[in-house]
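Accompanying notes for the structure given below.
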Amino acid sequence: VRPESEGRERMKTLYIDCSMGCAGDMLTAALLELHPDPAAFLAGMNAALGGRAVVSAAPDAKCGIRGTHVTVSIHGQQEGAHPLHTECAHGGASSAEIMAFLDAVPLSRSIRENAKAVYARLLEAESAVHGCAVEQVHFHEVGALDALADVLCVCALMDALQPQRVLCSPINVGSGQVRCAHGVLPVPAPATERLLRGVPVYAGGVTGELCTPTGAALLRQFVSDYGAMPQMCVSAAGYGTGTKDFAAANVVRVLLGESGNGDEQVVELCCNIDDQPAESLAFAMDELLALGALDVYFTAIGMKKGRPGVLLTCLCRPEQRDAMLHCIFRNTTTLGVRERTCARYSLARCTQNVQTRFGPVRIKTAQGYGVTREKAEYDDLARLARGSGQPLDEIRAAVAQALRDRNETE
């Protein structure tokens with residue numbers, strides 16, 4: 001029998017099912033079930049944490065599904081007693097103290113860099129929510145240690161599992177309200193909402209907070225794409241359970257296996273436009289991209305009566321078709337849209353961080369078909385250039401040096 005994968009590029013794929021949201025401890029527990037030696041992993045992590053926090057795992061079940069529940073104890077108390085809160089004031093753990101701890105923790109450089117990048121996302125979101133500088137954000141001490149343990153565990157487990165690409169379902173954020181140190185906030189919490197901008201989310205039928213800021217920041221760090229589970233051969237699954245009980249199983253599920261690059265179907269939507277200003281077309285492009293289109297572009301064409309026109313092309317997944325069509329008709333003057341279904345062959349993509357002398361920069365890596373490409377995220381380059389007063393080329397040079405240093409260390 002000829003295997004389906006013959007002649008195709010296969011890649012190690014991790015798919016995260018967030019139909020009941022995502023929290024740092026639940027993601028840790030799910031990934032821990034995929035580790036070949038969970039006990040040794042926890043012993044190593046607790047040694048690295050140096051007694052500041054103690055991570056433990058125990059069998060658990062939700063709605064009859066067996067899984068693992070992870071707890072983080074601080075001074076003998078479990079993490080549920082002290083969720084992660086932030087404020088723009090002195091006291092607690094400052095952003096500088098957290099980054100200093102991550103610089104010194106005895107784990108590999110790649111784990112530390114990913115953990116620092118996760119915290120950079122958290123700090124940026126919290127500073128925007130509180131309306132203060134990143135340097136002024138303080139995490140309440142005990143909650144900060146909980147989150148540190150969760151973040152380091154997930155980064156270390158990702159490093160140990162080494163998936164070539166990480167995919168994720170649309171995220172159920174829950175609904176209703178959540179109580180925190182500052183009062184009662186809507187779900188998703190403001191920091192979670194900021195972290196998940198541009199990511200497909202929904203409320204579902206559960207009242208409560210399902211996705212936490214830590215969980216959201218971890219997903220944004222490691223996930224390269226969001227959508228339905230791709231065609232893949234699953235070799236292992238992990239279930240991380242939450243503390244609360246709902247009518248649906250309160251678990252984060254991760255599936256590990258192999259998937260192909262060439263079995264993805266995409267929809268190509270096209271229309272010809274010759275009676276709309278360029279600024280309006282640019283707005284339509286922005287709206288389509290904000291909805292999650294894979295790509296949107298314009299091609300100059302000649303139309304009847306010699307009029308110059310534009311061919312709008314939007315690439316999206318089949319389940320996004322209706323939303324894209326509504327957006328095209330709402331934001332353009334076209335009277336009709338053509339559709340074509342295509343097979344899409346793509347390189348596996350992931351994002352990692354490198355630390356430059358100006359600050360962290362995300363590096364987008366694409367692999368497959370014997371090709372490896374790396375490219376720095378422009379938004380990060382521009383942010384560091386503006387913040388340091390240096391030209392963009394100087395930041396690029398610093399990134400290139402950081403990549404050379406990293407490769408020599410590894």
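Below are the figures for this structure:
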{"read-out": "Test: Asp405 is acidic (Asp, Glu), open to solvent by 70 Å² or more (accessible area, probe 1.4 Å), within 30 Å of Lys116 (Cα to Cα) and free of Cβ contacts under 8 Å to residues at least 24 places away in the same chain", "value": "no"}
{"read-out": "Lone unmet requirement of (1) modelled with pLDDT of 80 or more; (2) part of a helix (DSSP H, G or I) for Glu135", "value": "(1)"}
{"read-out": "Positions within the stretch 7-59 being among the charged types (D, E, K, R), farther than 30 Å from Tyr345 by Cα and open to solvent by 50 Å² or more (accessible area, probe 1.4 Å), in sequence order", "value": "Asp37, Arg52"}
{"read-out": "Positions within the stretch 371-387 being open to solvent by less than 50 Å² (accessible area, probe 1.4 Å) and part of a helix (DSSP H, G or I), in sequence order", "value": "Asp380, Leu381, Ala382, Leu384, Ala385"}
{"read-out": "One residue from Gly227, Gly238 being touching a residue at least 60 places away in the same chain (Cβ under 8 Å) and touching a helix residue (DSSP H, G or I) at 6+ places or on another chain (Cβ under 6 Å)", "value": "Gly238"}
{"read-out": "Out of Leu34, Leu42, sole residue that is at pLDDT 90 or above and touching a Cys at 6+ places or on another chain (Cβ under 9 Å)", "value": "Leu42"}
{"read-out": "Strands (runs of 3 or more DSSP E) wholly inside the stretch 243-357 that include at least 3 residues being over 27 Å from the mean Cα position of the chain (by Cα), at pLDDT 95 or above and surrounded by 13 or more Cβ atoms within 10 Å (Cβ to Cβ)", "value": "264-273, 308-316"}
{"read-out": "Selection count, the stretch 368-391, where residues are in contact with a Leu (Cβ under 6 Å, 6 or more places away or on another chain) and more than 26 Å from Ala96 (Cα to Cα)", "value": "1"}
{"read-out": "Odd one out for Ala217 among (1) of a type outside the set (Phe, Trp, Tyr); (2) under 16 Å from Arg253 (Cβ atoms); (3) not in a loop (DSSP other than H, G, I, E, B)", "value": "(2)"}
{"read-out": "Of all residues in the stretch 164-206 being under 19 Å from Ala228 (Cβ atoms), modelled with pLDDT of 90 or more and not aliphatic (A, V, I, L, M), the one that is most open to solvent (accessible area, probe 1.4 Å)", "value": "Tyr202"}
{"read-out": "Residue match in the stretch 187-210 (condition: touching a residue at least 12 places away in the same chain (Cβ under 8 Å), assigned to a strand (DSSP E or B), under 23 Å from Arg317 (Cβ atoms) and in contact with a Ser or Thr (Cβ under 8 Å, 6 or more places away or on another chain))", "value": "no"}
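The values are calculated or read from the model by the stated rules, or taken from the named source; none is laboratory data. As the structure is a computational prediction, the values presented were derived from the model and not from experiment. No Cβ is skipped: glycine too gets one built from the backbone with ideal geometry, and neighbour counts run over all protein chains shown. In case anyone asks, the SASA skips ligands and DNA or RNA and just uses the protein heavy atoms, side chains included. Shrake-Rupley method; radii C 1.70, N 1.55, O 1.52, S 1.80 Å.
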